[in-house]
1. Within region 31-46, is there a residue that is surrounded by 14 or more Cβ atoms within 10 Å (Cβ to Cβ), touching a helix residue (DSSP H, G or I) at 6+ places or on another chain (Cβ under 7 Å) and under 26 Å from residue 169 (Cβ atoms)?
2. Counting only residues that are part of a helix (DSSP H, G or I) and over 19 Å from residue 152 (Cβ atoms), how many does region 186-207 have?
3. Considering only region 166-211, state which residues are within 26 Å of residue 325 (Cα to Cα), surrounded by 18 or more Cβ atoms within 10 Å (Cβ to Cβ) and without any contact (Cβ under 8 Å) to a residue 40 or more places away in the chain.
4. What is the residue count in region 138-154 for residues that are crowded, with 16+ Cβ neighbours inside 10 Å and within 25 Å of the chain's Cα centre (by Cα)?
5. Is there a residue in region 349-365 that is in a helix (DSSP H, G or I), surrounded by 24 or more Cβ atoms within 10 Å (Cβ to Cβ), touching a helix residue (DSSP H, G or I) at 6+ places or on another chain (Cβ under 8 Å) and touching a residue at least 12 places away in the same chain (Cβ under 8 Å)?
6. Quick test of your reading of the structure: residue 363 fulfils all but one of (1) at positive phi; (2) in contact with a strand residue (DSSP E or B) (Cβ under 8 Å, 6 or more places away or on another chain). Name the failing condition by number.
7. Is it the case, given these coordinates, that residue 161 is surrounded by fewer than 22 Cβ atoms within 10 Å (Cβ to Cβ) and either at negative phi or touching a residue at least 24 places away in the same chain (Cβ under 8 Å) (or both)?
């Protein structure tokens, strides 16, 4: 392979990423200005300023990875060390965060969410391992290590954050499917993932409430059916609010109110206490209300550009490691974006999944920026056509 590949910036990809960051900063301020003062007793700019700081750090890291040659990451140490560090941080979060099991509180610095950094690390591991194993991808020496690594990571994340655990599983399923894993192995792995996720749903009653509410099973109907008494007992042990689809309903109202062109930036009514988490997981509802269908389609187009450039890099990159790195990175970002939008539209059960580069959250911003930095490093080194 030629070691002097010409580097050319993928302006489509870089522009899409920077546009999402910029748009996200505007929408975070719009969605949080009122709630910051009324509910948190802060300045209206507080959340926006914090997001700006995270965006500066994230973009800097993204550009640093973009300039670096991804081929230098093919060394085992460059993969194993970050992987071990993430597993340790995830374990620390599970143990020290007794309520949510997802945050590490840093005195004076806020909170760190290790699961967001697990996404680029898992993408890096999958690309390295699949490229290393090559044609032996269906060997038990290939399947077992990946099941252990991805499985352990997913278990540690899923204990407190099922939505992110599903997002982390997505690149593993896509990469191994494209790499040529046998159908029976794929179906067994998929079946195991479904069983584990079912266990996580049963683990916490509020997750059951979200599922039953989404499929139309009210507590009255469950209590009246003798065959579902076990479910009624389990759900009764939850202290969560019973109206679990409230957020999704309010989000749909917001999006529907926006019409074709929206009510205008800063003019959303739903963010005034009606739509919880308006600046975080349900920011898409505010976007739909203030910018309308036009804004939603423009936002979706930016993620589709990332998807397009990721698959372009997959098809055109010469070495296997780079191909799977691009594929995994694009899969994580686009899967998360679509999942967030579907939740906001009440098309799938409610889960706490941030909109990449748009929702408020420092860990999410930096984690996604690192993932896109890996994708850019590959995309900038695609051979000329």
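1. Checked against the condition, which is being surrounded by 14 or more Cβ atoms within 10 Å (Cβ to Cβ), touching a helix residue (DSSP H, G or I) at 6+ places or on another chain (Cβ under 7 Å) and under 26 Å from residue 169 (Cβ atoms), region 31-46 yields no hits at all.
2. The initial filter retains those residues of region 186-207 that are part of a helix (DSSP H, G or I), namely 186-203, 205-207.
Within this subset, residues satisfying the condition of being over 19 Å from residue 152 (Cβ atoms) are 186-187, 201-202, 205-207.
Total meeting the criteria: 7.
3. 169, 193
4. Going through region 138-154 one residue at a time, the tally reaches 8.
5. Narrowing region 349-365 to residues in a helix (DSSP H, G or I): 362-365.
From the residues that got through so far, the ones that are surrounded by 24 or more Cβ atoms within 10 Å (Cβ to Cβ) too are 364-365.
Those still in the list that are touching a helix residue (DSSP H, G or I) at 6+ places or on another chain (Cβ under 8 Å) too: 364-365.
With the extra rule that they be touching a residue at least 12 places away in the same chain (Cβ under 8 Å), the set shrinks to 364-365.
Checked region 349-365: at least one residue is in a helix (DSSP H, G or I), surrounded by 24 or more Cβ atoms within 10 Å (Cβ to Cβ), touching a helix residue (DSSP H, G or I) at 6+ places or on another chain (Cβ under 8 Å) and touching a residue at least 12 places away in the same chain (Cβ under 8 Å).
6. Residue 363 satisfies every listed condition except (1).
7. Working: surrounded by fewer than 22 Cβ atoms within 10 Å (Cβ to Cβ): no; either at negative phi or touching a residue at least 24 places away in the same chain (Cβ under 8 Å) (or both): yes.
Judged against the criteria, residue 161 is not a match.
For every residue, the table says whether it meets (1) over 30 Å from residue 38 (Cα atoms); (2) modelled with pLDDT under 95; (3) in a helix (DSSP H, G or I).
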position: 249; (1), (2), (3): no, yes, yes
position: 268; (1), (2), (3): no, yes, no
position: 276; (1), (2), (3): no, yes, no
position: 288; (1), (2), (3): no, no, yes
position: 291; (1), (2), (3): no, no, yes
position: 310; (1), (2), (3): yes, no, yes
position: 321; (1), (2), (3): yes, no, yes
position: 327; (1), (2), (3): yes, no, yes
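The values are calculated or read from the model by the stated rules, or taken from the named source; none is laboratory data. All values reported here derive from a predicted model rather than from experimental measurement. In this analysis, Cβ positions are derived from the backbone assuming ideal geometry, glycine residues included, and neighbour counts consider all displayed protein chains.
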